[in-house]
Protein chains: 2
Amino acid sequence: MIKLSRLAGYAVIILATLAEQRGCLFSASDLSMKTNLPEPTVGKVLKVLVRQGIIESSRGVKGGYVLHKAAEEIKAADIIEALDGPIAITDCVKGSEKGCEMVSLCPLMGGWEKVNYSIRSALAQVTLKDFMT
Amino acid sequence: MIKLSRLAGYAVIILATLAEQRGCLFSASDLSMKTNLPEPTVGKVLKVLVRQGIIESSRGVKGGYVLHKAAEEIKAADIIEALDGPIAITDCVKGSEKGCEMVSLCPLMGGWEKVNYSIRSALAQVTLKDFMT
DNA sequence: TGAAATAGAACTTATAGGGTCCTATTTTGT
DNA sequence: ACAAAATAGGACCCTATAAGTTCTATTTCA
């Protein structure tokens, strides 16, 4: 299935919430309440987003998360890649696909690369801004 | 993960094989040998492709499968939809997503619809021909 | 009539994503 | 100094779903 992972979906919701009041610090439980998503899951997503440099965090009491880039500058591709890894519709390119080993010069690769590129650019043209009212 | 299902991947391989010698009748076991894919799986894919009108079949001894459209006329989108169902990166549109129920007028939908459209058109521009040498 | 092929459904298995929890670390306030 | 509140990071289980197999029915040709 060509489907977004749930975590990536949550990430967009959470980031859109952060973007609404940019500059403010929100804790994981704040965001859990605002988004109606379970707190452990929200926490998990936030940690990944920090690790990938999409948001910044402060520790300790009064700690929390902030968006340090403008919503227009955060691409959907960045968010998805942060949570799901590289955007590729097939792992054919990695050579792990069984079918590929058979054919010495895989004729399919060209076609899938074309598709992968199109999808990546589609996701790079949509920004967090597009997910806000 | 934004990833193609294995079955859809197999389908492209199988269809590309059929396209190489168009007009000829190939049995499931023929195609299994040519593609090095397990026969039961090849059979399963072929049945779906027939049901969705991508290929035609003849029963009985000397039966088999043929491609009745030109490779250029079979879009990647058609193949993927045949095996995986409608191409939509989120099922947000169906209203089944939990996050959507909360917000009366979902601001995310616009963004995802834009992405869905881009992906669909990307997959509609690639044809079976692109997967052949 | 038998052999070879597709049709279709049902069943089993395997994988991976989703979700939760636990421990460590950091910071603020008393 | 200590307690509380927050993030960091990892480990774990669990469930949903795709993948693969098998069985039975039907069709067709020799």
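Here are some notes:
- Taking the criterion of being facing chain B (nearest Cβ under 7 Å), more than 15 Å from B:ALA122 (Cα to Cα) and either of a type in the set (Ser, Thr, Tyr) or touching a Phe, Trp or Tyr at 6+ places or on another chain (Cβ under 6 Å) (or both), the only residue of the stretch A:111-133 that qualifies is A:THR133.
- Test result for A:ILE89, aliphatic (A, V, I, L, M), away from DNA strand D (no atom under 14 Å from the Cβ) and within 14 Å of chain B (Cβ to nearest Cβ): no
- Test for A:LEU37: is it over 18 Å from B:MET1 (Cα atoms), within 12 Å of DNA strand C (Cβ to nearest atom) and outside any helix (DSSP H, G or I): yes
- Failed item in (1) of a type outside the set (Ser, Thr, Tyr); (2) near DNA strand C (Cβ under 8 Å from one of its atoms); (3) touching a Gly at 6+ places or on another chain (Cβ under 8 Å); (4) not in a helix (DSSP H, G or I), with B:ASP30 passing the rest: (4)
- Checking each residue in the stretch A:67-118 for being modelled with pLDDT under 70 and assigned to a loop (DSSP other than H, G, I, E, B) picks out A:ASP91, A:GLY95, A:SER96, A:GLU97, A:VAL103, A:SER104, A:LEU105, A:CYS106, A:PRO107.
- Tallying residues that are touching a residue at least 60 places away in the same chain (Cβ under 8 Å), under 23 Å from A:ALA11 (Cβ atoms) and either more than 7 Å from every other protein chain (Cβ to nearest Cβ) or charged (D, E, K, R) (or both) within the stretch B:1-19 yields 0.
The values are calculated or read from the model by the stated rules, or taken from the named source; none is laboratory data. Note that the structure is a prediction, hence the values are computed from the model and not measured. Neighbour counts run over all protein chains shown; Cβ positions are idealised from the backbone, glycine included.
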